[in-house]
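Have a look at the structure below before the remarks.
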Amino acid sequence: MDKDHKSKIRRYYDDSQMLYRLFWMNKRNLAMHYGLWDVDTKNLHEALINENEYIGRDLDVQKNDIVLDAGCGVGGTSIWMTEKYGAKVVGINIVEKQVNLANKYAKGRKADNLVSFVLGDYCKTQFPDSSFDKIFAVESVCHTGDKEAFVMELYRLLKPGGKFCIYDYFVNKLNNEVDKRNYETFCNGWAMSNLAKKNVFEQYLSRNKFNNIRFADMTSKALKSSKRIRNESSAWLWVDKTLNVFKIVSDENVISTKASVVQYDLFKDGACYYGSFYAEKPKS
């Protein structure tokens, strides 16, 4: 990940962290992901915790596991995982403010004996080979342009027999100029280099020796959150535009809010989808 793009990611999260706190996460879930809505899901908090549950089940997390959260945000899923399973979890993130917040939250929850957060690039970490039993990434791999570099590092870091899952955005088919413009706005506004195609990401996993590769289209479970983001951002966009005239918020803030508006149409119309991959490193 080049320095300019890393700087763009840091600016995006530095600028938007307050909005996440005001309109999305709460002190219990500390979640920045979309969340997944099942038929019995009652509210956003439950949807956010549901996604954690899906990840825990995918990886079959056990008490003695050492787990890496690749692109950990402010640590919500990592803290939840160590509280639920008693596993040791390490989160890595290039955004220093978020790393500091994550460690603060872990200490406040008295989880810092099992969970910790470090500053670093998940495509090029300082961890030794075969450091982790399980690795997960939630809406973070979208930020890197070199997704195969992430997969290669993932393979290096997993122990033989280790398990991996990712929950993220994928591009399907941009059918017209509106789709193309919305896709560019989405990626640019949320500091994402590009979105992977399902078959391309699957090729990265297979040619880097992963097996038992599975994909699940989770768009229907994420669409309610996507619509909520669209609705709240549509209401907020005029505020951003007005404040931008007086140089109170940046051009990047406005673009970010526009991205939050257009993402719903991309998912609703099938140009993009929300999906999960699961894969395993061979035991030998």
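The values are calculated or read from the model by the stated rules, or taken from the named source; none is laboratory data. This is a predicted model, so every value here is computed, not measured. Please note: Cβ atoms are built from the backbone with ideal geometry, for glycine as well, and neighbour counts cover all protein chains shown. Heavy atoms of the whole protein, side chains included, go into the accessibility calculation; ligands, DNA and RNA do not. Shrake-Rupley method; radii C 1.70, N 1.55, O 1.52, S 1.80 Å.
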Taking a probe of 1.4 angstrom, what is the accessible area of H143 in Å², to the nearest 10? 10 Å²
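Taking the Cβ of S256 as the center, what net charge do the other residues with Cβ under 9 Å away carry, scoring Lys and Arg +1 and Asp and Glu -1?
Numbers: positive: K258; negative: D15, D240, E252.
So the environment of S256 carries a net charge of -2.
Could you tell me what percent of the accessible area of the chain is made up of carbon and sulfur, with a 1.4 Å probe and every protein chain present? Don't skip to the end; give the middle numbers.
On the way: 6680 of 13260 Å².
Percent of accessible area from carbon and sulfur atoms in the chain: 50.
Net charge around N64, counting only other residues with Cβ within less than 15 Å of its Cβ (Lys, Arg = +1; Asp, Glu = -1)? Don't jump to the answer; show the numbers that get you there.
Values: positive: K63, K84, K88, K134, K159, K163; negative: D60, D65, D133.
Here the charged neighbours net out to +3.
N231 to H5: FRET efficiency via 1/(1 + (r/R0)^6), r the Cβ-Cβ distance, R0 25 Å, to the nearest 0.05? Walk me through the numbers on the way to the answer.
Values: r = 30 Å, r/R0 = 1.18.
The value I calculate is 0.25.
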Probe of 1.4 angstrom, ligands and nucleic acids ignored: what's the accessible area per residue over the chain, in square angstrom? 47 Å²
If the reach is capped at under 13 angstrom between alpha carbons, list the aspartates and glutamates near K97, excluding any in the same chain fewer than eight residues apart. D14, D15
Top to bottom by accessible area (1.4 Å), largest first, where do F210, F23 land? F23, F210
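Just to make sure I understand: if all protein chains stay in place, what is the order of I229, I248 by accessible area at 1.4 Å, largest first?
Numbers: I229 25, I248 115 Å².
Descending order: I248, I229.
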Check: C-alpha center region 265-282 vs C-alpha center region 216-235, spacing in Å is 14 Å
